[in-house]
Amino acid sequence: MKKILITGALGQIGSELTGKLREIYGRDNVIATDIRKTDSEAAANGPFEILDVMDAKSMGEIASKYHVDTIMHMAALLSATAETKPVFAWNLNMGGLMNALETARELNCQFFTPSSIGAFGPSTPKDNTPQDTIQRPTTMYGVNKVAGELLADYYFHRFGVDTRGVRFPGLISYVTPPGGGTTDYAVEIYYEAIKNGTYTSYIDKGTYMDMMYMPDALDAIIDLMEADSAKLIHRNAFNVTAMSFDPEELAAEIKKHIPGFEMIYHVDPVRQTIADSWPNSIDASAASAEWGFKAKYDMSSMTADMLDKLRTKLK
Ligand code: SER
């Protein structure tokens, strides 16, 4: 990776990925793009272009202008929003991906896009979900993710595009909040714990989902992109995870730091149904074996760091 174009660079992953890549590869070698410009660091501290990923022509022009050799396609609608706007989700998630893959093919770029635990469904084995298993998701987001995994494989086999990807679990960070996801509760809870000492969870107790702290997610992207191509058997859509918990366990962990913290439950049927259709925990052994994936943070070290960083941020 020398010249990298990122779509969705101001989103939850993109905003931190941009900074990290600029540290490693140099400020001018990472071109951040998003549909809007904000005064965030990713937009201010290096090359930035407004880009709607549905606009194939502009994507091609920006990629050519900067002579990029890597595309990281992060722009997408998350699971809960996709359920409220399924047709728009299909158009944006699939249209954007096709445009990004085509740009990568035309300019001979290495390519990364994230899949998700959302690519699994109710008929998938729920515990220690294998890398290769049944994928019949029941959400529009999941349908998009499975189609995306297949498309990325297709571009590798058919056109030789060096496509790579992981299935991310819920990602937790203190920098940019996620928007419209099912796992977002595990981020909101920290903000509310500090601000109000209480959180109303829209996900019910007993609902286990995989999660990962953002520093591990960024390392996973970079390590996979730098991995020796010859060692990759799966290439796309590697299961990766760091921990699995339910809202009650997370609340108990936060209580260790904020003893008065109180959790209330007010379940949102839409997001609960999505969460119920996803695995309790996934098996990341293929990622470990093929490119050495290993998460550093567990629920307790992540919670200590999140609370510490957020206390400073919210001061
Ligand atoms: N965090 C995502 C969501 O909840 C899962 O990929 O939609």
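The values are calculated or read from the model by the stated rules, or taken from the named source; none is laboratory data. In this text the structure is predicted, and so the values were computed from the model without any measurement. Every residue, glycine among them, receives a Cβ derived from its backbone with ideal geometry; neighbour counts consider all protein chains shown. Remember, those area values only see protein heavy atoms, side chains included, never the ligands or the DNA or RNA. Shrake-Rupley method; radii C 1.70, N 1.55, O 1.52, S 1.80 Å.
Hey, what did segment 31-91 get for relative contact order, percent, Cα under 8 Å, at least 6 apart?
Averaging sequence separation for qualifying contacts and normalising by length gives 24 percent for segment 31-91.
Determine the calculated [θ] at 222 nm for the chain from helices alone, applying -39500 (n - 2.57) to every DSSP H run no shorter than 4 residues and normalising by the residue count; nearest 500 deg cm²/dmol.
Value at 222 nm, helices only, nearest 500: -14000 deg cm²/dmol.
Residues with beta-carbon under 12 Å from that of GLY292, excluding GLY292: net charge, scoring Lys, Arg +1 and Asp, Glu -1?
Local charge sum for GLY292: -3.
Let's test this: bin the Cα-Cα distances of segment 194-315 at 10 Å from zero up to the farthest pair and state each bin's percent.
That works out to 12, 34, 32, 17, 4, 0, in percent per bin.
Per residue and in Å³, how big is the convex hull formed by the alpha-carbon atoms of segment 45-93?
Given the Cα convex hull of segment 45-93, per-residue volume reads 99 Å³.
Heavy atoms only, probe 1.4 Å: what % of the accessible area of segment 40-198 goes to carbon and sulfur, would you let me know?
Ligands and nucleic acids excluded, carbon and sulfur reach 55 percent.
Per residue, how much accessible area does segment 26-108 show when a 1.4 Å probe rolls over the protein heavy atoms, in square angstrom?
Roughly 48 Å² per residue, with all protein chains present.
Which number comes out as Rg/Rh for the chain once both Rg and the Kirkwood Rh are worked out on C-alpha atoms?
Ratio of gyration radius to Kirkwood radius: 0.95.
If you only keep lysine pairs separated by 8 or more in sequence, or across chains, how many in segment 1-130 come under 22 Å at the Cα atoms?
Close lysine pairs under the 22 Å cut-off: 10.
Taking the inverse of the average 1/r across all pairs of different Cα atoms in segment 94-207, what Kirkwood radius in Å do you get?
16.2
Determine the sum of side-chain charges near THR103: Lys and Arg each +1, Asp and Glu each -1, restricted to other residues whose C-beta is under 15 angstrom from that of THR103.
With Lys, Arg at +1 and Asp, Glu at -1, the net is -4.
In nm, to one decimal, how far is the modelled label at TYR154 from the one at LYS309, with both set 7 Å along Cα→Cβ?
According to this spin-label approximation, the distance is 3.7 nm.
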